[in-house]
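Report on the following structure.
The values are calculated or read from the model by the stated rules, or taken from the named source; none is laboratory data. On a predicted model such as this, the values are computed, not experimentally measured, just so you know. Note that we place each Cβ from the backbone using ideal geometry, even for glycine, and neighbour counts take in every protein chain shown. With ligands, DNA and RNA removed, areas are computed over all heavy atoms of the protein, side chains included. Shrake-Rupley method; radii C 1.70, N 1.55, O 1.52, S 1.80 Å.
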Amino acid sequence: MTDSQATATALGTNPIAASPAGVRTAADVVTPELVAQLTKGVTGSGRTANHAPFTGEKLADLPESTPDDVAAAFERARAAQRVWEATPVRARAAVLLRFHDLVLQRQAEVLDLIQLETGKARLHAHEEVQAVAVAARHYGRKAPAYLRPKHHTGVVPVLTKTTELRHPRGVVGQIAPWNYPLELSVGDALPAFVSGNAVVMKPDTETALTALWARDLLIEAGLPAEVFQVVIGEGPVVGPEVVKHADYVSFTGSTGTGREVAQGAAARLVGVSLELGGKNAMLVLHDADVEKAAAGAVRACFSSAGQLCISIERLYVHESIADEFVERFAARTKAMRLGNSLAYGADMGSLVGPRQLETVTRHVEEAVAKGAKLVAGGVARPDIGPYFYEPTILDDVDAPMAVCGEETFGPVVSVYRFSDEDKVVELANATAYGLNSSVWTKDGKRGHAVAAKLRTGTVNINEGYAPAYGSVQAPMGGMKDSGLGRRHGSEGILKYTEAQTVAQQRLLPLAPSFGMDDEKYAAFMSVSLKAMKALRLR
């Protein structure tokens, strides 16, 4: 046992959530029949497998796609897309609304899969069900309005009739991550489908069953099977092949890989949207409700064991309330129940695998060795499962420590004290990332003023991440190294379309006429432009 582990044990270990009698096991859920059903239509010349974080054991054998398999998937998708594009938008939207109902009706199935593939607690898995249902409802209702032809004022009012049309890009290549395998796979694909595109998706191999389940359900809801292709394989092999063939690329993952994806797309002059890493900050101002902020910090920092791009890893607390806040936050953190069963009751689940466990352990042990104070956690829990790690709070953290600037992507948060509000905004912004942030205050006006100064794509006031992410009419995405483009709202669907302007000139040409020479035409147009400005025409 390391010194930091011994200290954490002395501080008190998190209890284990008991498994109710009769709870399902992996063998009960991932049957050969289910795997055969979900992988039907997935082309793969080789074989690969995924594993359960709760135990480390193999879950299922899966087809593994080669570059030729990826090319064939795009060929099938491209042929199907032309027929799908001709389907009226309201008929496409109806598929999403039926999918919404099916997801809610059969959520128990996918909750089991999400837990088995990611190791997260069941309530955190349900966040994905909520997010996908909300997105399906929103785009199912709003897509016809987002995509309908829009009329604009022409260069010469009345004489020029201008219409903006929206066409699907064709076949969208989507590379989805492991941490939210339902929401960040099919959730991102829904606006692509409803705008008339086909999708070739590469889910992470370790969470492919969840994505395949969503595909199966969308087909049941009425999506033509060939419109949604799935390819499975190692990221460095299959990922570049997806970028190579796509008409548009959607990627969620690390900043380093995101740069490679962007370079590959740029070389082909195709569009790309990227949601990348974050080192998100939570600011607890002097007038915050300490108890509510402490409870909110647990949700903000430890949902899905911190394996969430928009979770909080830096906690800035005003010095006047810092001691009280840390005491309450630590008490709630130490009381969290860790669990590995397919049932509600656990407050936090497992890390996804050995790489995440190694990063978390390295960040915590290095910080403690350099003088950080371990307030809670700081210890692995192999007694529960191979990749469990207690939710961890670090105090007295300083800049040379890796945990200050590197994304941990695990259940670890560092506490910093501040006295000056302007200074803490500078500190929160002093990172290469700009994905999400959180502000806690009883004064809504103050909260909005601080939020406007933070350089992050989303800011939540008196909550960690859910309000901004769940408000799907508004855009969500990152600034700086946290990405390009947005999901949700109009930007989340229009990015999957090409804009086309159709301008019809009527009665008179935009050229000298009625016997005007060039000089008289130029003078006439100059007078007309001045008149249009005076009339406040756009």
Intensity falloff of segment 160-229 expressed as log10 I(q)/I(0), Debye formula with alpha-carbon point scatterers, at q = 0.13, 0.17, 0.23, 0.25 Å⁻¹: -0.38, -0.58, -0.97, -1.11
Percentage, to the nearest whole number, of Cα pairs in segment 406-496 over 18 Å apart: 51
Accessible surface of residue 270 - all protein chains present, 1.4 Å probe, nearest 10 Å²: 30
Share of carbon and sulfur in the accessible heavy-atom surface of the chain [1.4 Å probe, %]: 54
Proximal charge balance of residue 340 [Cβ under 15 Å; K/R count +1, D/E count -1]: -2
With DNA, RNA and ligands ignored, accessible area of residue 273 (1.4 Å probe; Å², nearest 10): 10
Mean Cα-pair separation over length for the chain, i.e. relative contact order, pairs under 8 Å, 6 or more apart, %: 19
Matching label, Rg and Dmax of the Cα atoms in Å computed from the structure shown, candidates [x] 26.0, 96; [y] 24.5, 80; [z] 24.0, 74: [x]
Counted charge near residue 129, where neighbours are those whose Cβ lies closer than 15 Å (Asp, Glu -1; Lys, Arg +1): -3
MRE, 222 nm, helices only [DSSP H, n ≥ 4, -39500 (n - 2.57), over the chain, to nearest 500]: -13500 deg cm²/dmol
Per residue accessible area of the chain, 1.4 Å probe, in Å²: 41
Formal net charge of residues neighbouring residue 292 (Cβ-Cβ distance under 13 Å; K, R +1; D, E -1): -1
Hydrodynamic radius by Kirkwood, which averages 1/r over all alpha carbon pairs of segment 344-388, in angstrom: 11.6
Share, in percent, of DSSP beta bridges within the chain that are antiparallel, nearest 5: 40
Reach of residue 530 by Cα under 28 Å, taken over lysines that are not fewer than 8 positions away in the same chain: 150, 161, 520
Three-way shape call for segment 255-356 based on the alpha-carbon gyration tensor, with the a/c threshold at 1.5: oblate
